[in-house]
Amino acid sequence: MLARMRLGVIADVHGNEVALRAVLDDAASLGVDRWWVLGDLVLFGPRPAEALRLLRSLPGVEMLRGNTDRYVLTGEQPAPHATATDAARSVDLVERYGLVAAGIGWARGALAQAGLLDTLVGLPRELRLNLPDGARVLGLHASPSADDGPGIEPGIPDELLGRLLAGCAADVVIGGHTHRAADRLVGGIRALNPGSVGIPEHPGQAGWLLLELTAERATDPARATDNGPRAQHRTVAFDVDAVVRDLRARLHPNAEFLAAILTGQRPQRVVRDA
C-alpha cells in the first residue's frame, strides 16, 4: 500500500475564530498530517490574535501572507476609486475605504497588544511542496504574480486562468483570495481553491480543502492518477450570530458592515476586493 499524507488547506480566515474552530473540529477525525494556510489570516473578524494563535498551533503548519495581512502590516490598501470625481459619485466606495482603514488599525492594535504582529512580518508569499512522484505543489494567495486581483475561482475563463498561472513551475496550484471553492484543470495545471473559512461564499458555511498526497513514489503505474492529488472540498456550519455578537461586544469599527456580509445581506465582494 502506498503511504499517504493528508494536507489540510485553509484560506481567508479573516480573524474569525468561531469559524476556524468549526473547521478544525470537522478535521479532527480525518487524520490531517500537516496544514497550509493561504493568507488573509486576521483582518475583519473579531478575534485576530486568537485566530492567529490557533493557526500557529496546528501540526506541521505553514502559512503565507495575503493582501489583507499586508495591509495590517503597512496600513496601505488599494484606493476604491481612481479620482476624486469617482469618489464623489459613489458614497459606498468612500465608506468602504474608511471602514477598511478603521479595521486595519483595530486589527493591528489587537495583534500588537498580543505580541503577535511580528508573526505576519516573516510570512512568505508562496509555499511549495515537491512530492516523491515528481509532482510540484504550489500554495499562494491570489496568483503567482500578486497577492490581490484575479484568482482561482469557478467562473474565471480558462484563458485568463491560464495566463495567471503561466510560468508557475507547478503541477498543482492552490490559492485563496476569491472565497470561492474551485477545482479546475487548465493547460495541464490543476488549480484548486479551498474557499473561505471566515467570510465564506455561502453565509455560515466555512470551507476548507483536504488533499491526499502520495508520500512515496508509485511503483505500479496502474495506481498512478492523471489528475494529481485526491481533493475533497468540505464545508462546515458555524455560528454566525456568535461572531456578530462578538464583533459588537468588542466595539469592532466594522461590526455592522461585517454583520451584513456574514449574514448575506450585503455582497461579500466588498471584502474580497478590499
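Values for this structure:
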{"item": "The range 119-165, relative contact order [Cα under 8 Å, separation at least 6], %", "result": "25"}
{"item": "Rel. contact order, % - alpha carbon contacts under 8 angstrom, at least six apart, the chain", "result": "24"}
{"item": "Unit charges at the beta carbon, dipole of the chain: most positive-side option, THR235, GLY15, ALA101", "result": "GLY15"}
{"item": "The chain - accessible surface per residue (Å², probe 1.4 Å)", "result": "44"}
{"item": "GluC sites (Glu not before Pro), loop per DSSP, at most 16 other Cβ atoms within 10 Å - longest free stretch of the chain", "result": "77-215"}
{"item": "Sulfur and carbon atoms: percent of accessible area, the chain [1.4 Å]", "result": "49"}
{"item": "Diffusion coefficient, µm² s⁻¹, Stokes-Einstein with Kirkwood Rh over alpha-carbon pairs of the chain at 25 °C and 0.890 mPa s", "result": "129"}
{"item": "The range 103-136 and the range 149-178: distance between their alpha carbon centers, rounded to Å", "result": "21"}
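The values are calculated or read from the model by the stated rules, or taken from the named source; none is laboratory data. Being a predicted model, the structure only gives us computed values, none of them experimental. Virtual Cβ from ideal backbone geometry, glycine too; neighbours counted across all protein chains shown. Heads up: the accessible areas ignore ligands, DNA and RNA and are worked out on the full protein's heavy atoms, side chains in. Shrake-Rupley method; radii C 1.70, N 1.55, O 1.52, S 1.80 Å.
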